[in-house]
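Structure first, then comments.
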Amino acid sequence: MNFKQALTAVGVASLMATSAAHADNLVIATVNNGDMIRMQGYTDDFTAKTGHTVEWVTLEENVLRQRVTTDITTKGGAFDIMTIGMYETPIWGKNGWLVPLDDLSADYNVDDILPAMSGGLSYEGTLYAAPFYGESSMIMFRTDLMEAAGMEMPEAPTWDFIAKAAAAMTDRDNEINGICLRGKAGWGEGGAFITAMSNSFGARWFDEDWNAQFDTEEWANTLNFFNDMMSASGPAGFATNGFNENLSLFQQGKCGMWIDATVAASFVTNPKDSTVADSVGFALAPDTGMGKRSNWLWAWALGIPAGTQKEAAAKQFIEWATGTGYIEMVAEKEGWANVPPGARTSLYENENYKDVPFAKMTLDSILSADPNDSTVKPSPYVGVQFAAIPEFAGIATEVSQEFSAAYAGQQTVAEALEKAQALTNDAMEAAGYR
Amino acid sequence: MARATTKTRKAVVTIAAWMIGLTIFFPILWTILTSFKTEGQAINDPPLFFFFDWTLENYAIVQERSNYMRFLWNSIIIAGGSTVLGIIIAVPAAWSMAFVPSKRTKDILLWMLSTKMLPAVGVLYPIYLMFIKLGLLDTRIGLVIVLMLINMPIIVWMLYTYFREIPAEILEAARMDGASLRSEILYVLTPMAIPGIASTLLLNFILAWNEAFWTLNLTAAKAAPLTAFIASYSSPEGLFFAKLSAASTMAIAPILILGWFSQKQLVRGLTFGAVK
């Protein structure tokens, strides 16, 4: 080996050592759902582009929420990136627990993020988590059953129409329920649905002084309408049905209509799992003509806990996973129906994506939900199916338990509302809001 | 007549025992069956029992998506380590309580048991903060210590019960023959209590293997055992029951096999001292 070759060898070795020194291993906490699992499969692409490696911690949604909350509040540093939702992001951003994402590269094009998403993932105008995918809720219905009932689904129906259509489609002898909705206790299950529904009935959780509003006529109308319609046209035991139970019923042809997350559209139209895949139509979530629809808004987003030693690498990952390049890669390899929806404006301007049957309705649903103005009467909180305050999850879980007990016939709607009013006011008083 | 009554009684008791056994085992059987179904078959109504197209697809997907062996190895180290460490500490403790009791021994035993009455989540934050300070977060040694501590009351109680059955005179005789305390425990007491120690080991290994609160909350990517492996397949938004069942079957299989082969010791250990 001559001097020149030796010098080159030393140079190459130093370069490799330098790049190895800059290569980080990121630990990412995420939820178990189809889009997130798909992303894990493409990790090698990120490693090839940046040199950073990734270790995934995949957990069930509620376990994940508890796990990452414990870690971020104690500055545990177990994770470099966390998958969080619209509920946590503004609260954590306000507390300074997340790294602001205000210096992402120009190529990333942060302005391309749908305004509804960036608004819900920001605090005081600063983005704290980048949306991987976004969702709203909409009506999925059986076109064949609707036709057999002699009715036609409007693009933006009212709740009265839905109740009538549900009654017309119900066929108990053939185990067909006109409508399937979430009644299961839990702030993210039945609690999310009834809160979004209450918005369309003019109800709200709190007035501007943080007083609970369950003693109002609007809440009574919401709960009575829901309970009456589900008792007449819903499945038996609807008080314990959540997303998965209703998905199962719909896929087996036992629901005429189902109002739930837009992400479910890809499940019910997948012929591999759904027996009714070829006869599913979509419509906007219903309203009562008061100016607000009953759809929610949610995003699973990636945030960086403050204090991580790997902030630069974590930002690189976020740009890779939530950028347009990732969407194009998935589209090329798995088709446009499988790209993460609901996060970027450019996706809905893409001609190829317009052919996906549920694309337009998903976008319309997302655009019709405004977390900063979700109620008919003014309210002091941000959020559509939740109020973005730390106390909400605990309170809403208890309230939804009371509601589920009413659906199950264990108490009246009036009793459930009375208890909800008392426990909410007590909790808000204890927390110092009142 | 009496003979007929005895036969009838025996048949009824046998049938009842089988019914209870099958009822207890049914959830495990159903999980195993579901793991061989497609996601569509898993949610079929009416449920499909044995007559469906059996598939290994879920196992292949789980195997491809997760590093099962890493989770398994972590489970073995954590459950095994905490059990062995627990026994090493609990044998002398149970010896002193059984053979050299003080007037506070019963209070101490009850106090130890009372620690099991505290909901684990109540001490999550203090322990999490301690783990951060000590650098034990997401380490196997951290979990070995925690699981050893939470199972310690049960280990001490079980060993104490076994030791009480051993005549104190035998230990006295050993002492008179010049045995030191160490020799007395190691060479006299332990061999006589082997069945009890074995069943305590087994029960605590099972308890540590199945522990799902601390193992989920104190781990991330490195030390996560099979409980985290199962949790990664559960989802409230999406039907993944067949895959979840495959992951659960893979997670419980080792402990199920261990329990099957050691059931005699387990039953003997759990009923020891119950009937005199």
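For chain A, take the longest principal axis of its alpha carbons; what is the angle in degrees between that and the long axis of helix A:190-200, to the nearest 10 within 0 to 90? Once rounded, one gets 70 degrees. The alpha carbon centroids of the stretch B:195-241 and the stretch A:387-415 are separated by 31 Å. Remark on A:A299: its backbone amide H falls under 5 Å from those of A:M86, A:E135, a criterion applied only to residues 5 or more positions apart or on other chains, H modelled at 1.01 Å from N.
Among the listed pairs B:K37/B:K222; B:K106/B:K264; A:K94/A:K292; A:K164/A:K354; A:K49/A:K315, those whose Cα-Cα separation exceeds 25 Å are B:K37/B:K222; B:K106/B:K264; A:K94/A:K292; A:K164/A:K354. Can you give the FRET efficiency for B:V84 and A:A312, using 1/(1 + (r/R0)^6), R0 = 41 Å, r = Cβ-Cβ distance, to the nearest 0.05? After rounding, the FRET efficiency stands at 0.45. Packing here is the average count of other Cβ atoms within 10 Å per residue, and on that basis the peptides B:257-267, B:123-133, highest first, run B:123-133, B:257-267.
Charging the Cβ of each Asp and Glu at -1 and of each Lys and Arg at +1, and nothing else, the dipole of the protein assembly as shown about its Cα centre rounds to 4000 debye.
Shielding value for B:214-222 is 5, the average number of Cβ atoms from other chains within 10 Å of each residue's Cβ. Counting only DSSP beta bridges with both residues in chain A, the antiparallel share comes to about 65 percent. Oblate is the label for the stretch B:1-89, because the ratio a/c of its alpha-carbon gyration tensor axes (a ≥ b ≥ c) is 1.5 or higher and a/b is not greater than b/c. Using only Cα coordinates, the Kirkwood hydrodynamic radius of the stretch B:67-232 works out to 17.2 Å. When you count the other C-beta atoms within 10 angstrom of each residue and take the mean per peptide, B:242-253, B:20-31, A:265-276 line up highest first as B:242-253, A:265-276, B:20-31. Summarising the label geometry, the points placed 7 Å from Cα in the beta-carbon direction at A:M151 and A:Q66 lie 4.1 nm from one another. Helix B:105-114 sits at what angle to the longest principal axis of chain B, using alpha carbons and giving 0 to 90 degrees rounded to 10? Between helix and principal axis, roughly 10 degrees.
Roughly how many whole Å is it from the C-alpha centroid of the stretch A:286-363 to that of the stretch B:89-154? Using only Cα atoms, the two centres lie 47 Å from each other.
Report the relative contact order of the stretch B:6-78, percent, no decimals, based on alpha-carbon pairs under 8 angstrom and at least 6 residues apart. Could the numbers behind the result be given before it?
Numbers: 23 pairs, mean separation 16.6, N = 73.
Once divided by the residue count of the stretch B:6-78, the mean separation gives 23 percent.
Computed from the Kirkwood radius of its Cα pairs, the Stokes-Einstein diffusion coefficient for chain A at 10 °C and 1.306 mPa s stands at 69 µm²/s.
Projecting the Cα atoms of A:P371, A:S400, A:M153 onto the dipole axis of the protein assembly as shown, where Lys and Arg carry +1 and Asp and Glu carry -1 at the beta carbon, places A:S400 farthest toward the positive end. The distance separating the Cα centre of the stretch B:1-78 from that of the stretch A:185-241 comes to 39 Å.
No lab work stands behind these numbers, since they all come straight from the coordinates. Since the structure is predicted, the reported quantities are computational estimates derived from the model, not experimental observations. For neighbour counting, all protein chains shown are included, and Cβ atoms are generated from backbone atoms with ideal geometry for every residue, glycine included.
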